[in-house]
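Values quoted throughout were computed directly from the atomic coordinates according to the rules given, and no laboratory measurement underlies them. What you are looking at is a predicted structure, and each value in this text was computed from that prediction instead of being measured. No Cβ is skipped: glycine too gets one built from the backbone with ideal geometry, and neighbour counts run over all protein chains shown.
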Amino acid sequence: MKKIGVLTSGGDSPGMNAAFRAVVRTAKTLNMEVMAIRHGYKGLIEDDITKVTPHDVSNIIQRGGTVLKSARCDEFRTKEGREKAANVLKKHKIEALITIGGDGTFQGATHLANEHDINVIGVPATIDNDLVGSDETIGYDTALNTAMEAIDKIRDTADAHDRLFLVEVMGRDAGFIALETGIAGGAELILLPESLTDIDDVKASLNEVLSEQRRSSLVVIAEGDDTGGALKISEELKPDFSKYEMRVCILGHVQRGGNPTARDRVLASRLGSAAVSVLNEGHSQVMVGVVNNKVKLTPLKMTFGKKKDINFDLLELAKTLR
Ligand code: F6P
């Protein structure tokens, strides 16, 4: 393996830069040339590719976002789009591709590998933490801390006004952020896509906590909760909770930005480096993850074909502690 490509794709996550840096610097030790593909699969199709050296990735380990840029690319979902991408890779004599992203990124990489005989390795990076094969994904820890700090601040103002706050956090299919920020922020109630939300149960639980004369109450809701999110729930609650002042706060993309935490930088450095090593050992169509603090390989197709389990013990814990 002499020449490899690297890209970031899908929603960005803090630590993607640290992973890119680790890819470039590890490749150097194995005498591999690295081609940086900007704007994910879109940039690959459009031939937005430049050679990078270890010096080019200086001073990025601490930066959020992705210097490689990212995109969600509909064209790459088609066979024709992937054929264009494969031709660009061939033109540059790129023998393998390291894709840093989430399940959609890995699904695309798998199709590319199967249709055009290209070696691909996945590095799990998404704030959602929803990938089977890694205890944590790059960016999750940073997003958790960002959301928790926001919730702490909301709690201050909620407490000052004796208000009921509905806080929506990201996670369109997964409740990892909601569950852990809910516990860390002492939420009275946590609603997740992984468990069906019954609005009558929500009302009963809120009545219970509000009857204890709490000064403020906070409900953390995952974006993908089946009720349709915080705004929808507030509409449903309003008639029964009119004597309480209720406010909705949707944290949104603030959760995707910011400098990565130390934990995310270390995880990204480990996984970016491992991606190059396993490619050099001849692996393909696998994701490098960390399970019980050891680097582990998982077939790429499992990462988008299977849903990662949420820890329901934590949900019980949240109920006990509210
Ligand atoms: O990257 C994951 C994620 O942040 C989800 O939690 C969220 O639903 C989605 O991306 C938002 O994507 P976009 O930035 O494309 O609107």
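Partner lysines whose Cα lies under 22 Å from the Cα of LYS243, excluding those fewer than 8 positions away in the same chain, are identified as LYS203, LYS232. Subtracting the Cα-Cα distance of TYR244 and MET302 from 0.36 nm times their residue separation leaves 16.3 nm of extension gain.
Compactness ratio for the range 28-178: Cα radius of gyration over 2.2 N^0.38 Å (N = residue count) comes to 1.30.
For the chain, the mean residue ellipticity at 222 nm estimated from helices alone is -13000 deg cm²/dmol, where every DSSP H run of n ≥ 4 contributes -39500 (n - 2.57) and the total is divided by all residues, rounded to the nearest 500. Dipole of the chain computed with +1 at Lys/Arg Cβ and -1 at Asp/Glu Cβ about the Cα centre; of ILE221, ALA274, GLY182, farthest Cα towards the positive end is ALA274. Note on the range 141-257: antiparallel DSSP beta bridges, both residues inside, total approximately 0 percent of the bridges counted. The per residue volume of the convex hull around the alpha-carbon atoms of the range 43-91 is 82 Å³.
One Cα centroid belongs to the range 297-322, the other to the range 177-216; the line between them spans 19 Å. According to the Cα-based calculation, Rg over Rh for the chain is 1.05, with Rh computed by the Kirkwood formula. As a calculated quantity, the FRET efficiency between LYS203 and LEU231 at R0 = 22 Å, using C-beta atoms, amounts to about 0.85. FRET efficiency for the pair VAL291 and ARG172, taken as 1/(1 + (r/R0)^6) with r the Cβ-Cβ distance and R0 = 35 Å, rounds to 0.90.
Taking amide H as placed 1.01 Å from N in the peptide plane, the amide H of LYS3 sits under 5 Å from that of GLU33, GLU95, each at least 5 places away or on another chain.
For the chain, a simple Cβ point-charge model (Lys and Arg +1, Asp and Glu -1, everything else neutral) yields a dipole of about 1600 debye relative to the Cα centre. Note on LYS2 and ASP135: the model spin-label points, each 7 Å out from Cα along the C-beta direction, lie 4.1 nm apart.
Maximal additional length on extending the ASP162-THR320 stretch stands at 54.6 nm, based on 0.36 nm per residue less the C-alpha distance. If you take all other residues with their beta carbon under 15 Å from the beta carbon of GLU115, and give Lys and Arg +1 and Asp and Glu -1, the sum is +2. Dividing the Cα radius of gyration of the range 170-322 by 2.2 N^0.38 Å, with N the residue count, gives 1.31.
For a Förster distance of 25 Å, can you work out the FRET efficiency between the beta-carbons of ASN59 and THR29, rounded to the nearest 0.05? For ASN59 and THR29, the calculated efficiency is 0.80.
Remark: spin-label model distance GLU83-SER284 equals 2.0 nm, labels positioned 7 Å along the Cα→Cβ axis.
How much length is gained if the chain between GLU115 and ALA184 is pulled fully straight, taking 0.36 nm per residue apart and subtracting their Cα-Cα distance, in nm to one decimal? That pair, GLU115 and ALA184, stretches by 20.4 nm at full extension. The C-alpha atoms of the range 141-257 occupy a region whose extents along the principal axes are 36, 30, 19 Å, arranged from largest to smallest.
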